[in-house]
Structures are given as structure tokens and as C-alpha cells.
Amino acid sequence: MDGKLRNMTGIYLMHGDKLLFLNRRGSRVIGDSYVGAAGGHFEKDELNDAKACVLRELFEETGLCEDDLRDLSMRYVTLRLKNGEIRQNYYFFAYLDDPEKVKTSLEGTLEWVEIDRAMELSMPVSAKYMIEHFIRIGRHDRNLYGGITTETGIEFHVLREF
């Protein structure tokens, strides 16, 4: 292991019982799959500020800004070793009261999906485990969870200050 890191963010917007997914095409990192409404890699000036990264990506990919959202919060942090890199993902969730504000994305096709159908979508492995946990547990609380991705899943733990 040579210490390569890949820091990424993603944001999942909610409206009622639906989550907004981006059917991303042509990504060299994650392949063609469904991901959060927006997301991507940290810029150098964002390395210690995941929120700044996710808000920049959200604006670039959907035209939405923080003022369009309600209850924005980081809810999951995952680690995965892939292709010699430690991939760190910071997942945010927020409510979008006016779903008509989201029209298009230059990164792919945006789609509101019933939360009960979300697990049917093809998505990166860490995102899949995170969404599965969110549907079962995370949507019912306000905790920040951390987990390490393995071949068989992620065991999430509540991150607490001590």
C-alpha cells in the first residue's frame, strides 16, 4: 500500500418518500451507475471541508445551492480499499422542498426514486451498503455513521465525540 487517497463527497436529496439519484454515465472512477444527486472529488482547498466540496459539486451538477436545501447534514463516512487507493466517501443528506428546482444535470440523468425502490438500482458498492443502512436505520435518526467497506458489507458505527 503506497498511501494513495481518493476523497469524495455525495449528496442525496429527499422529497417526501423519494430520493434523488443521478444516473451517471462515463465516470472513470465509478463506472455507469446511480449515485447521489451530485458528488465528486475534493479540490485542494476543500480537503478539510467536506461540506464545501459537496456544495460546490451540487451547484456544478444541479444548479442548486445551500439556500435551496433544508436540514443539510453529513450522515455517513465510509472507507474502502480499491485499486491501491483508500477511498473515503462523505455522504450528505438534505431535504428539497421544491423538487421542480431540479431540472437537469450535465453529469447524467436525474431521477426521483421511491425510497422502497432504491435498492433495485445499480450503484457503487459503498453507496449501496450506505443506502441500505439509511433506509433501515439512518432515516429514522440524526446520527453520523462511519464504516469500512468489505466484500460482504459495512458494519456501521455511530461516530461520537469523546
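Please treat every number below as a calculation from the coordinates, not as lab data. Just so it is clear, the model here is predicted, and its values are computed rather than measured. Ideal geometry is used to build each Cβ from the backbone, glycine not excepted, and the neighbour counts take in all protein chains shown.
Summary table below
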quantity: Residue-count net charge about ARG139 - beta-carbon cut-off 14 Å; Lys, Arg +1, Asp, Glu -1; calculated: -2
quantity: Extension gain (nm, one decimal) between GLU155 and ARG136, 0.36 nm per residue minus Cα-Cα; calculated: 5.5 nm
quantity: Within-14-Å neighbourhood charge of ALA52 [Cβ basis; K, R +1; D, E -1]; calculated: -4
quantity: Karplus 3J(HN,Hα) series, Hz, for the stretch 53-70 with 6.51 cos²θ - 1.76 cosθ + 1.60 (x for Gly, Pro); calculated: 5, 5, 5, 4, 4, 4, 5, 4, 9, 10, x, 7, 10, 4, 5, 7, 9, 10
quantity: Label of the coordinate-derived value, log10 I(q)/I(0) by the Debye sum over Cα atoms at q = 0.09 Å⁻¹, listed as [x] -0.31; [y] -0.26; [z] -0.47; calculated: [y]
quantity: Helical mean residue ellipticity (222 nm; -39500 (n - 2.57) per DSSP H run of 4+; nearest 500) of the chain; calculated: -5000 deg cm²/dmol
quantity: Members of LYS18/LYS103; LYS4/LYS51; LYS44/LYS103; LYS18/LYS128 lying beyond 24 Å, as alpha-carbon distances in this model show; calculated: LYS44/LYS103
